1. I need a count of the residues in region A:14-45 that are charged (D, E, K, R), more than 8 Å from chain B (Cβ to nearest Cβ) and not in a strand (DSSP E or B).
2. Quickly run through region B:56-68 and pick out the residues that are within 12 Å of chain A (Cβ to nearest Cβ) and either over 11 Å from the mean Cα position of the chain (by Cα) or of a type in the set (Gly, Ala, Ser) (or both).
3. Look at B:Gly304 and say whether it is under 16 Å from A:Ile171 (Cα atoms) and of a type outside the set (A, V, I, L, M).
4. So, in region A:106-145, of the ones that are among the charged types (D, E, K, R) and buried (at least 16 other Cβ atoms within 10 Å of the Cβ), which residue ends up farthest from A:Val79 (Cα to Cα)?
5. Hey, could you check region A:42-69 for residues that are within 16 Å of the chain's Cα centre (by Cα) and free of Cβ contacts under 8 Å to residues at least 40 places away in the same chain and say which is surrounded by the most Cβ atoms within 10 Å (Cβ to Cβ)?
6. State all residues of region B:21-40 that are touching a residue at least 40 places away in the same chain (Cβ under 8 Å) and either more than 26 Å from the chain's Cα centre (by Cα) or part of a strand (DSSP E or B) (or both); if no residue qualifies, say none.
7. Give the residues of region B:14-38 that are surrounded by 17 or more Cβ atoms within 10 Å (Cβ to Cβ), more than 14 Å from every other protein chain (Cβ to nearest Cβ) and either out of contact with any strand residue (DSSP E or B) (no Cβ under 6 Å at 6 or more places or on another chain) or over 18 Å from B:Arg158 (Cβ atoms) (or both), sorted by residue number.
8. Looking at B:Cys243, B:Cys256, which one is more than 8 Å from chain A (Cβ to nearest Cβ) and modelled with pLDDT of 90 or more?
Amino acid sequence: MENNYKKLTEEIRGFAFELLKDGKVDRVIGYGKEEYSGEVTPLFITAPDESNRLIFNSECSMLLAKYLLNYRESRVAIVAKPCDTRAIASYLAENLLKRENLVIIGINGCPGITGNTACIECTVRNPVIFDFTAGEAIDKAELSPRVANELEEMTAAERLAYFQEEFSRCIRCYACREACYVCYCEECFTDSNQPFWVGGSVKLKDNFTFHLMRSMHMAGRCINCGACEMACPEGIDVRALPAKLTRVARELYNYEAGMDPEQKTLLTDYDVNDPQPGFLD
Amino acid sequence: MIKVANSEELEQLLNRLSQDYKIAAPVVKRKGRKERIEYEYIDSPGEITLERQPDSSPKKFFLPQNERMEVEVAGAPGTEDKQKTILFGVRSCDLEALKVLDDVFLDDNYIDAYYQQHRENIIIIGLSCSEGKPSCFCGTLGIDPVKNDSAPIFLYQRGDRYYFKVYDEEYAYLLEDLPEGDEGELAEIVEERAASFAENNFTLDLPVPLPEETTFSAPFWGDLAEKCLGCGVCTYYCPTCYCFGFFWEQGEKSRCWDSCMFASFTKHASGHNPRRSQDQRYRQRVMHKYSYHPENYGRLACTGCGRCLDNCPVNLDIRSVLKTVESYLQEKGGVKSG
């Protein structure tokens, strides 16, 4: 069933209005439009009358789930794309949020976001956790996620050249980090000077260190939502490395992050029979 | 003085100049899935595009993102690059931004030798805008996108005709091959363009500098900056943001761009952070541009180039922020800046 944005928007506005009117939440986090540019932007509303400022369309790229970390102690409703619901499920699994404080308005049958290459790899399309849903759910049997294999087919030298070219453009603005739901550390390794992990220059070696270390922190946690790539102003393929780790976790351990709030995290769930390729062999 | 050329003559001119100068100009660059226009050193004039405002400012030529500090003594920059650069096609917003950088780095009290060296090594040829993009608001801030006399030479392009207005005769030798042009024709272009820019749907009535105490302690900052992610995009794309940090590596010291949007920017060695939250950091950025810099140097530190909102991952629009400040100050009863 095709969802249209007008209908999704109307349904979202209806839920937001009722929730605020009945005092069930203090705040609704959703998408709106900037007044002058008309661009889609995160919108935070606290009064029922503001509900008609909420919208949903294919430009709603920002991963709103990350804002929940700013409101851990208040009651919040959030407009959540399926990837947002996975991020929320992960946060709940990591005990970062209280479920009772959250009202999740999930987007059913998410049509994908313009320009986000992660959407073609999406295995979910419906919210994994929700209180209300807008739109019609998609039958999972109809899904045919496609994984980009171009990088896998390259030789190691070609891949190195590819990432050298990509990371050479990095200006170290950390938009990828700030947009990523996983990157909530109080102090990022990039900001630490004791120990000193990575220099602040945009030399290739520092850029590589940043992206490789960030990617390693994503193992078993990246939900392949593409927020990093969408945030990057330099059009860098920031997602490639974390997405690879996501695939490895799936292939080796049949693990996908953020599918269930009760789920254990990959790195805290050890089984003696777990495959250990590369370890002491 | 006016000099004129067609595109063939312009190409010849740039080819000749490239024997004595390095030439940097806006070029199209493929960046992954994005096609961008950036200022780069060029090999041939054919690479140049004057089509629209470049996505990044030419700030990096004056304040490189990494700069090695050869000798850690004030006033002693490193190996001098003797070959001068001609920076071609710089628009009003970026020319005005250089004045802001000059305020800071060529301050009477302290002249930054590194910046000064870049400034002296670069000859700028300005460029008149023929049309704005939706995020541009230089006109609102009193900057004229059509003409600007702060570059020694300023270029107007119309079709296949290139008119060079020479403001500083000292640099007229660069264009000596070209025939002189007609002032009247140029005046016509200026008038035409001024008319096309006259319609401005974004107006501001702000006291400049913004009154520090009233604006600083206003209640709206938390709401305005609620969506700010705290990345450095706005500051790195900003033509006037100049903050930097130092890094040492095996005895080599360098300075690299830094950003007041980063939580670590103001973090003290003790662990205390005077700007604890993102709204305080965002407020700092707006206050610096609209209150502190004008207070210290008599000039806004924003030129309305619109790059902060073009590149912001959450589309935070500084125009909406300024409008909120405006209506708050008006409500407060016409607070005038001291």
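1. Adding up the residues that qualify gives 5.
2. B:Ser56, B:Pro64, B:Gln65, B:Asn66, B:Glu67, B:Arg68
3. no
4. Result: A:Glu121.
5. Only one residue tops the list, namely A:Leu64.
6. Answer for region B:21-40, where residues must be touching a residue at least 40 places away in the same chain (Cβ under 8 Å) and either more than 26 Å from the chain's Cα centre (by Cα) or part of a strand (DSSP E or B) (or both): B:Lys22, B:Ile23, B:Ala24, B:Ala25, B:Pro26, B:Tyr39.
7. The answer is B:Leu14, B:Leu17, B:Tyr21, B:Ile23, B:Ala24, B:Ala25, B:Val27.
8. After applying the criteria, what remains is B:Cys243.
The values are calculated or read from the model by the stated rules, or taken from the named source; none is laboratory data. Owing to the predicted nature of the structure, the values given are computational and were not obtained by experimental measurement. A quick note on method: Cβ atoms are made from the backbone with ideal geometry, for glycine too, and the neighbour counts reach across all protein chains shown.
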